[in-house]
Amino acid sequence: MKADSLHMVKVFSSGGDVHYVLPHFQREYAWGKPEWQTLLKDIFSVYEIYDEEHPPEHFMGSLVVINDGTRAGTVPVFRLVDGQQRLVTISLLLYALERFLDGDKDHANLRRKIHRMLVNQDESECLYYKLLPTLKYGDRASYTAIIRGKKPPVGVESKIPEAFAYLSTQVSNRFKSDGIDPNRLFNVLMTSLQVVFINLNHNERPYEIFESLNYKGRSLTQADLVRNYIAMKLPPERQEPVFTELWSPIEEMLLEKRTVGRSRMGELTAFLRHYFAYLSGVLINKEHVYSRFRDRGEAMSVAEFEQELTTLKRFAAYYNRLLRPDHEPNLQVRAQLQRLNILESATAYPFLLFMYDEWQQNHIDRNAFLEGLHIIETYMVRRFLNRDSTNYLNKMFPALAKDVNVEDFVASLRQAIGAKNEPSDVRLRQSAETVSLYRKDIYTRQKLALVFDTINRRLSVGTGAYTVLSADPTIEHIMPQTLTAAWKSQLGDNWQQDYELLHTLGNLTVVTQDWNSQLSNAIYKTKREKLAQHGLRLNQVYFGEIAPEIWNGQAIRDRAQWLMAKVTEIWPQLGETAARWDEKPKAVIILDDVYPVNSWRDVLRRTAEVAVQWCGNKFEEQVVTELPTYFGRNPFTHASHQLGNGWWLNVNLSADSIRQLCSNIIEAAGIPKDEYNVELW
């Protein structure tokens, strides 16, 4: 290893020829506005004190390179192991300065000097540019287009065009507002900015150095480390073909900068995590993706490792279709995947990868695959309507394949998944009257809209067509969220109890935003008349033929049962032994702690106690104020339990009421829903 302190002018070979190319294991250009702002602030701070005779020095970190000899006889070539972000940004800043001076005859010589810091005399595409970024996200295409004075390609994910636009604007603004001297700025960039230039010899392992490095404010991701390991595992002569044919297509399909659902996990990391879950039956922590990939690779020969990458490429194509169903050529499969996306079926991805491969390898036919997708939809819809925790699914789906017989795929899948805590029809009918389904988040509203749209289509069977909304669906509350005096009067003395049913299934329907605004807090008579004339049969049939004259708690419960009857027709119970709500609870699991219980009252007491510990002195503010009916400073006349913080809890409730109350307590306390589950005997 050789280390030298170099000014930027020397990095760019003082206007002579030099060529930096990024190895395959390098990440894409990742700097954003915070890093650009910091760099410019540093540069213009140096500009203010710049002295040509004694230029101030500003240290910018290190550039780690490997000397790859020369090309075309005289052009020294370096592989850039670390320092890409800084070198790309400085290059873009130089070109922004050159572009700003375009047409300025007084600075024609300066423009030529700047240009020679960016390009070589050799005009062949591979050696013309002094710096050649990676192909990832369109970085290379964007950078080379900009340096040649052309527009970057349309539709690329690269941040390089954004960086150039920002730097160009800042340069222009500085010249207009501060009267910046372009020669002085160029000299600052070339003679004040300084790096430690670390030149590795070929006996050292640059991949291991890369693995240990962090960029300024940009830590290496799991995907970065995986890419680096691939380069480390492969002999030099196999790197180019393997990256070009296998790994780069995976990275182009699954962009790490795009995220998967609510997890906010990069697509490539999420894919590897779900792929390993498919292989092992266990979903690992996202921070262990790289180490799992490395450990798996270490047990393989190079030939086996290349075969593993070939398999990964095949499964990445499946994953791409799960995330973006439009990429699936079969229209029926595409439609079913789109529905599963609405239902947030990411927890099922390990099993869906298994299903996809069985179909693509002709172990099951298309009809079996479609039926399997519908079975998973049925399971997800029923659990959604029962507000069941997703934490269980993260453990269930990865291990599901071992319970499925490919020779009898549909029947065995229905039997297997039907035995995995599927809510029974009885339990769903109970939940329909007690479970609050409405949430303000877009994901929940989309799921509700899917359920209502599917019921609407079922009601239209035999009519020759079905109606759809003319605009995006919104969820309408029949009894409004804000009760007017007229509504309270209609509900009567029990209006507070009826109001607790506000977000339950029976009080909800789907309309467009325009209709939602029109209905708003209108009295029930007005709403019923309008909904009876609505385009959806979902609303026409019920409010035109079935709905009562008065809308109250009983009316809401009756409509909930009517809707749930349709639900159980469309998404029928899968297993004969589906979990029943009247079964006895075995344990409540909260934040990975398991609490054995003997009754539903035990479940409620334990849930409330954990909420007390979780909220601390904010328990009253977060929980009591949201659920005042169930908490008091004094014991209730009926069964009560005193919590550790002194508050009394009413536990004289039915099993289904306890289930709803526990869900409300968890939500009010801010405990993640997927960290709460009740196990039944």
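Quick note: the coordinates plus some simple rules give every number you see, no bench work behind them. As the structure is a prediction and not an experimental result, all values here were calculated from the model. Quick reminder, even Gly has a Cβ in these numbers, built from the backbone with ideal geometry, and neighbours come from all protein chains shown.
Results, tabulated for the structure shown:
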item	result
Pairs of Cα atoms farther than 20 Å apart, the stretch 240-322, %	31
Segments 413-419, 436-442 sorted - mean Cβ within 10 Å per residue, highest first	413-419, 436-442
Cβ charges +1 (Lys, Arg) and -1 (Asp, Glu), total dipole of the chain, debye	920
Average Cα contact separation per residue, the chain, under 8 Å, 6 or more apart, as relative contact order %	11
The stretch 457-527: radius of gyration and largest Cα-Cα distance (Dmax), Å	14.6, 46
Å³ per residue enclosed by the Cα convex hull of the stretch 35-123	148
Principal axis dimensions, largest first and in whole angstrom, of the stretch 585-680 by Cα	32, 26, 20
Most positive-pole-ward Cα, 260, 197, 484, against dipole of the chain from beta carbon charges	484
Estimated distance in nm for a label pair at residue 62 and residue 10, the labels positioned 7 Å out from Cα along Cα-to-Cβ	1.7
By average C-beta atoms within 10 angstrom, highest first, the peptides 337-349, 526-538	337-349, 526-538
Set of lysines with alpha-carbon distance to residue 530 below 27 Å, sequence-local pairs under 8 removed	440, 447, 488, 566
Alpha-carbon Rg with Dmax, taken over the stretch 472-612, Å	19.1, 52
Over 27 Å [Cα-Cα, the stretch 2-219], rounded percent	28
Flagged links, alpha-carbon separation over 32 Å, of 10/33; 41/673; 313/673; 113/233	41/673; 313/673; 113/233
Size of electric dipole in the stretch 228-424: Cβ of Lys, Arg +1 and of Asp, Glu -1, about Cα centre, debye, nearest 20	800
Aspartates and glutamates whose Cα lies under 12 Å from that of residue 257, excluding same-chain neighbours fewer than 8 positions away	28, 157, 224, 267
R0 of 30 Å, Cβ-Cβ distance residue 652-residue 674: FRET efficiency to nearest 0.05	0.50
Potential extension, residue 565-residue 300 segment - 0.36 nm per residue separation minus Cα distance	90.0 nm
Listed residue (603, 269, 56) projecting farthest to the positive dipole end of the chain, Cβ model	603
Percent antiparallel among DSSP beta bridges (both partners in the chain, rounded to 5)	75
Lys/Arg +1, Asp/Glu -1 at C-beta; the stretch 2-219 dipole; positive extreme among 115, 156, 95	156
Cα shape, the stretch 379-507, gyration tensor, a/c 1.5 rule	prolate
Point-to-point label distance, residue 170-residue 598, nm (Cα→Cβ direction, 7 Å offset)	6.8
Between the stretch 334-350 and the stretch 1-62, the Cα center-to-center distance that results, in Å	46
Projected label distance in nm at residue 518 and residue 126, using a 7 Å step from Cα toward the beta-carbon	6.7
FRET E, pair residue 178, residue 618, Förster distance 41 Å, beta-carbon r, rounded to 0.05	0.25
Estimated FRET transfer efficiency when R0 is 41 angstrom, pair residue 484-residue 285 (beta carbons, to 0.05)	0.25
